[in-house]
Each structure stands twice: as structure tokens, then as C-alpha cells.
1. Filter Lys228/Lys352; Lys352/Lys407; Lys352/Lys390 down to the pairs with a C-alpha to C-alpha distance above 20 Å, please.
2. Hey, what do the phi angles of segment 76-83 turn into as Karplus ³J(HN,Hα) couplings, whole Hz, using 6.51/-1.76/1.60 and θ = phi - 60°, x for Gly and Pro?
3. Within segment 86-180, list the trypsin sites (Lys or Arg not before Pro) lying in a DSSP loop whose Cβ has at most 12 other Cβ atoms in a 10 Å radius.
4. Where does the charge balance sit around Leu240 when Lys and Arg score +1, Asp and Glu -1, over other residues with C-beta under 12 Å from its C-beta?
5. What residues have an amide H closer than 5 Å to that of Ser105, excluding those fewer than 5 places away on the same chain, when H is modeled at 1.01 Å from N in the peptide plane?
6. Residue by residue through segment 372-385, which ³J(HN,Hα) values in whole Hz follow from phi under the Karplus form 6.51 cos²θ - 1.76 cosθ + 1.60 (θ = phi - 60°), with glycine and proline marked x?
7. Which lysines have a Cα lying under 17 Å from the Cα of Lys252, excluding residues fewer than 8 positions away in the same chain?
8. Checking the table Lys79/Lys449; Lys408/Lys464; Lys314/Lys391; Lys135/Lys362 against a 27 Å threshold on Cα-Cα, which pairs fail?
Amino acid sequence: MKFFRLDLLTLLISLFILNSCKRQDGIGLGVNDQNEINGNLIVDTNIVINTVVDDTAATSGQNRTPLANFTDPVFGTTKSIVALGVNLPNGAAYTVPAGTLTIDSAVLVLRYSDGFYGDSLASRYKINVYQLQQKVESKTYYSNNHWDADLGTLLGSKTFTARTHDSITIARIRTDTLDTVQRVAPQLRVPLSKAFIYNNLFNASGAVLASPTTFQSTVKGLYLSLDKAQASDAGGIIQLNLASSHIDVFYKVVTASTSTTSSAIDTASVTLPFFNRAAEITHTYSTTIQAALNNTTTSQNTVYLQGLAGLRAKLSFPGLDKLVDSSVVLNRAEIVITPRAGSGVPYAPLPKLTMYKLDIAKQRALIQDASASDPRSQTSLFGGRYDRTKKEYHFLVTAFVQDLIRKKTVDYGTYIAPVDTTLINTTTGIDVAPSTQTAARTVIVGSDKSTPGYSIRMNIIYTKVRK
């Protein structure tokens, strides 16, 4: 009797479980066929995508300033010169030490920053330093600002290998005591003309040294350019931390003797900081890239993205017309981007991308899913990072696509572009401004459907509510 009741109980439980199961594409009410809600997946590969030139970017006051001479076999050549505004010591009026001054050495100290891109092993570089012909001012400069220099007078140069993460040992000059040595952060040290420093600092008039503004107008600034030691070298893009860079001047002071004292010699140093910096960036594109830029009528099978205010991609979504229905509700929409196979060798793809739209005034704006002001946004899940395992970039665009479908927003232009590499691990505060803070590039698959699963696509999971 006990076994009979147990068998009956098992049968009843089984019937209950089986009766509660629904098919996997059913999401919801399960009362009858009239109010059942089904989830549907559409993979939209009809996205129109084109390579376009990025906007100019601010280069003054940035954490990284690019000094570049890099030839990419696909993209072409990128060059960047650097303009430095030199200030008086401590940024205030300067009094020349009494006595007879002799400069032992003057060194341009350039601190490296993360973000080197190019050939750090085989290529050697030569940095050249000249005097600017126009004054650097305390204002914002952009990547297309042109700088002229007195190229007839070389103030300093150095041939080197890019060791942007290797600390070095230098001599440390100490006043009234023995000199010593110290280990310092990775940096490039370029010998400067002692005559240039002496004439503009120690031998300058009192009026020039009494005012930082007058001093800056007199000196104008420094112009840095980068050459490849050999024309066949690939070269590279070096990111500099110019906020902590400066000019160190080491000098001797001989004080005059009197009837009661003898002359004395002391070794000292003085530092000239930089009050502003900027970069002039020039891209000379290959025939492949130029052909892509000239094609504005058809969607491209291969699309090119490049940092240093280089290249971005413009998107449009004609395939969304099929979902123009008030009964359609999006559960999720994401854009998936895949780099071309092999395009990341030897130069790695961009570690992160950003996505943005243009507003009615043609200004860059966050899309709904990336905007904290939109209650539907999920900034922590928005995406853009390169997934090294899947070899893909993903963007969550559910709210944006829903508004496009319902005609609540107008597509004045949607773009994918490189982003500041300091934002790689950031999940909030999404940036859409053009940037020179990353130098990498990525070749992505556009509308090419010859290899299924690799073309740019939008995965849409939607629910159609029966009325």
C-alpha cells in the first residue's frame, strides 16, 4: 500500500512539472495563443558603413602628446611634431645668480607616457629640436594647427631607441654638497645648445626676466620633430608626458674674490618648465585608404579606424524599416564588429572604440544607451572594448534602436571611432570627443558577407505583442 501511494505521488508530481513547461521561444503569459508573447531574433547585416575622416582634436593640455613618424603598410604615413611653450623658472620673475656663470649642460627632459605604437625593436629614431617662429600661447590648440620653426638652426638632437618603459640612471647635482646618482622614470634626455640657453636666460635683459609673458614672447618656444634613422624603418608614434617634462640647466657660478675672501665655485641647476604644449598631426594616406575615403555612395566591405584624429566609421540602418510597428518591443539590440583576420599583426588593433550620434546641430552626442540622463541607459554594459577571446567589439544599443524604430529620434549621423586609451576600463563617463590619446588602428569587416558571421551586424531580440 505504501508503494502504491508513492507511485501515485510521483505520477502527480511528474504531471505537474510537464504541464508547467513551455517551449523555449515563449516568454511569458502562457494563458492562450492570443496573449502569448514570443521572443524573436533578427540578425541585421544590412548596416551601411563607410570610412570617413575624423574631426580635428585638441592637443594642448592633454595627458599624452604624440611625437610621431610612422609608416603603416596599410594606412600610410603619420607624422606629428610637438610645439612647447617655455616658461621662466617657477613661472615667475627670475633673478640671475651673482657671479660669473658658465653652463655645463642643458638638457631637454621628455617624460614618456603609455601608448607607444609602431616598431620599438628594429627602428631607431632621431629627435631634432628647433626654435619656433611664433609664440606658444596659453590657449587650446588643435591637431591641424600649423607650426613654423627656424629649421636653419638646430638646437639639439639625439638618436635613440624607443624604450618607453625602461627607467634610467642620471647624475643628480646638489648645491653645497657632493653630487650623486639616482634612478628616474622612463624619459628621453636631449642635449640642448648651451648658447641658446645662456642668451635667453642668463644673458637676457632684466625686463625679459621680470615677466613670464615677455620671456615667452622672446623665446617663442621649441619645435620637436622625429626622424627615422633609416628610411626603410617602420618608425613609430611616441606618446610624451609633457606636463612633467622640462629643461634642466646645470651651471657653475664663480663669485668674485675680495681682500678678505677667495673666489668660490659652486655647481647648481635651474629648471625651465613648459606652460603649454601642442601637436601638429599629419596623415598621408595610402591609395587603399584614399579609395575608401572617396567611396561615399556604397557600403564598404572593409572599413578603417585610426587614432590620432585619423579615421572613423559612419553607420546607417536601413534594415530597421522591417520593424516599424507599434507592437514591436525590443528586448535587446547590440552591434557586433569584427576586425579583419590577420589585420592585427604586427600592429595591434584599437583596444577600445566609442559610438556616438550627431544632434540636430551636427554636434557629437551620447546615444541613449550611453547617456546617464536617459533612464534606459546601461553605461556599465555599453561596451566598445576589444574582446581578445571572441575577437570582436560589442555595443549595446537597445534604447537607441527602439527610438529609431518608433521615430522618436532622427539619425543625423551615427559613428564609431577610436577613444582615449585611458578609458579602456572605464564603465562610466563615456567619451565621444575626437582624441589624440590613442595611436592604434583597426581594420574591420564592413558589409562583406562572403564570410558568414564576420560582417558588421546588429543582433536584435524583440517581442511582438498581439493586440
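1. Lys228/Lys352; Lys352/Lys407
2. x, 10, 10, 10, 9, 9, 10, 10
3. Lys139, Arg174
4. +2
5. Excluding prolines and chain starts, which carry no amide H, the hits are Phe250.
6. 5, 7, 9, x, 8, 5, 9, 4, 6, 10, 4, x, x, 6
7. Lys194
8. Correct reply: Lys79/Lys449; Lys135/Lys362.
The values are calculated or read from the model by the stated rules, or taken from the named source; none is laboratory data. None of these values were measured; they are calculated from a predicted model. Counting neighbours? That spans all protein chains shown, and the Cβs are built from the backbone with ideal geometry, glycine included. The protein model used for the area step is the full one, side chains on, heavy atoms only, and it has no ligands, DNA or RNA in it. Shrake-Rupley method; radii C 1.70, N 1.55, O 1.52, S 1.80 Å.
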